Structure formats: C-alpha cells, structure tokens
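The values are calculated or read from the model by the stated rules, or taken from the named source; none is laboratory data. Bear in mind that the values here come from a model prediction, so they are computed numbers and not experimental data. A quick note on method: Cβ atoms are made from the backbone with ideal geometry, for glycine too, and the neighbour counts reach across all protein chains shown. Just so you know, the surface numbers come from the protein's heavy atoms only, side chains and all, with ligands and any DNA or RNA stripped out. Shrake-Rupley method; radii C 1.70, N 1.55, O 1.52, S 1.80 Å.
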Amino acid sequence: MGKTVFMFPGQGAQYIGMAKDFYDAIPECREVFEEASEASGLDIAALCFEENDKINITEYTQICMLTAEAAILRALEVKGYKADVTAGLSLGEYGALAAAGVMELPDLFRIIRMRGIYMQEAYPEGGTMAAVLGLDGDIVAKICEQTAKETGKVVSVANYNCPGQIVISGRKAAVEEACEKLKAAGAKRAIMLNVSGPFHSGMLVGAGEKLGKVLENVEIHKPVIPYAANVTAQYVTEAQPVKDFLVKQVSSSVKWQQCVETMLADGVDTFIEIGPGKT
C-alpha cells in the first residue's frame, strides 16, 4: 500500500464563496470559521462568502485561505480520513501544520493573521513576481543571481513549482531584466504575475523577523505525521526546527517540486488537495 498526503495550496487560489458548501453542510466546519473569527477579530465567514475587495489583499487572504483549508481538513477528520504525511505550498504550509498537529488551531489563526499583516507592510511599492516556463531551475537561479549582482537589486527564485515552471521575485526592474535574460537563455515564456508584492524574496526578511517574535510565545508540538518543509524540502518530524523554518519561509524559495520528489521517494502515491480551487 502506498502512502497518502494531504496537500494545501497557497495564496492565489482564493475566491468569494470558498468552502461555503462545507460551512453550510457540516457543523464542525462552521466551528472552525468561528474559531478563526475569534482568534483574528475578523468576521471570516463574511470575508469568505460576501462580495468584498479584501479577500485578495494579503493581510486578509492569508487568514481566509487558512480557515477554508482548516475547515475542509476538519470535515475529513470527522469522517475518519487520515494522511501519512502532509505538505503545503507557502501559506499552505500552515494548513499542513494543522494536519500534522504541530500547533493548536487558534494559535495558527493568530500567527497567520500577523504573517499577513507583516507581509503586507514589508514590501514597499516596486516589488513583483514572474512565472518562467520551460527552463531548468538551476539555470533560472543562476541568471537571477547574475542579474541581482549586475543591477544591485533583489531578484531570486520564489517557487520551484514543478519541472519547467519556476516563479521569480524581487524588485520590478530586476525581475524584468531577469525575464529578458531568461528568454534569451531559452525560456518558453516569462510572464509578469498580477501579485501584490515580491513574496519569498529578500525584500521580506523583515516580515519573517517580526513573525519570529510572535512565534516565541507559541507552543509547538512534535508532528503526529511528518510534514515536508518548504525551506528544506525534507520531512520535519520534531518540534524543534518548526519556528526557525517558518521565519525563513517568508523570504526563502519555496521548494515545492523538491517536496513532491521527497514524498514520491517515500512511497506517497495518493495526493489529496485540501483547499479552494484546483491548483
């Protein structure tokens, strides 16, 4: 028998009405929304279900996404579904932490609320991201390094999504410059993304440091199932490294492709995505 992973998507998969079917049908899912509202001081059901402009603003997106993911996870747990391992992309890593039992849900909601605020505050105007298709990750990383040196501005790999799909992040001018170089090096496409900031780049180191202060007072439990960390793409099986990884994750590359490779090597053959959309 192969193993099963519960996987959680990151920011960008949100939409008005996400998880409403679960909320309406399953009392335990409503409880998760109530817990999130209490922990964050926001009306999460209203943000998720009623037409509003806030759902795509980082400081609200993150708490809304995590609530939807945690509610759907709760529905599965109530029905007795279990995973052998778990993982999440960027913000989705917090869904994985819930599945791994690393923190209590109210703590996770409080942390993700602050993470969203710190990330929103951290980047001045002038940061962006781009998707690069059809080039090897090592080549993309090298060209970003070279461009950062030449321009004196931040640009680096934000996400290793899958073979042939890499996302880069940093100062707008440096990202544009890197895109031109990447096309010249053989990239099929290099497309600027419609995002609110340069996520997972050196421009967000300060946000990670602030998050570290919030994490100081939070109790971390030993994972009940391993989770694959974005920062290392290796399983975390102890409580000790969790806080450090979450601080670094804000400004480090998300090694998603490598996380999936780690899970495949471990015999995972059933991948269940928990969250809105079908990323």
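At-a-glance table
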item	result
Checklist (1) buried (at least 23 other Cβ atoms within 10 Å of the Cβ); (2) free of Cβ contacts under 8 Å to residues at least 60 places away in the same chain applied to ASP43, failing item	(1)
Given (1) closer than 28 Å to VAL167 by Cβ; (2) assigned to a helix (DSSP H, G or I); (3) among the small types (Gly, Ala, Ser), index of the condition ALA39 fails	(1)
From the options PHE6, PHE49, PHE109, residue that is surrounded by 14 or more Cβ atoms within 10 Å (Cβ to Cβ), modelled with pLDDT of 95 or more and more than 16 Å from the chain's Cα centre (by Cα)	PHE49
Condition check for GLU121: out of contact with any Leu (no Cβ under 8 Å at 6 or more places or on another chain), open to solvent by 70 Å² or more (accessible area, probe 1.4 Å), modelled with pLDDT under 95 and part of a loop (DSSP other than H, G, I, E, B)	no
Extreme residue, nearest to the chain's Cα centre (by Cα), among residues of the range 142-197 that are of a type in the set (Ser, Thr, Tyr) and closer than 25 Å to TYR118 by Cα	TYR160
Filtered residue count, the range 157-179, keeping only those that are assigned to a strand (DSSP E or B), open to solvent by 10 Å² or more (accessible area, probe 1.4 Å) and either of a type in the set (D, E, K, R) or in contact with a Gly (Cβ under 6 Å, 6 or more places away or on another chain) (or both)	2
Long-range neighbours under 7 Å by Cβ, at least six apart or interchain, first residue on the phi < 0 side of the Ramachandran plot within the range 1-26, second surrounded by fewer than 17 Cβ atoms within 10 Å (Cβ to Cβ) and aromatic (Phe, Trp, Tyr)	VAL5/PHE271; MET7/PHE271
Top-ranked residue in the range 203-249 [being of a type in the set (Phe, Trp, Tyr) and touching a helix residue (DSSP H, G or I) at 6+ places or on another chain (Cβ under 8 Å); ranked as least open to solvent (accessible area, probe 1.4 Å)]	TYR227
Residue in the range 56-64 that is modelled with pLDDT of 95 or more, hydrophobic (A, V, I, L, M, F, W, C) and not in a loop (DSSP other than H, G, I, E, B) present	yes
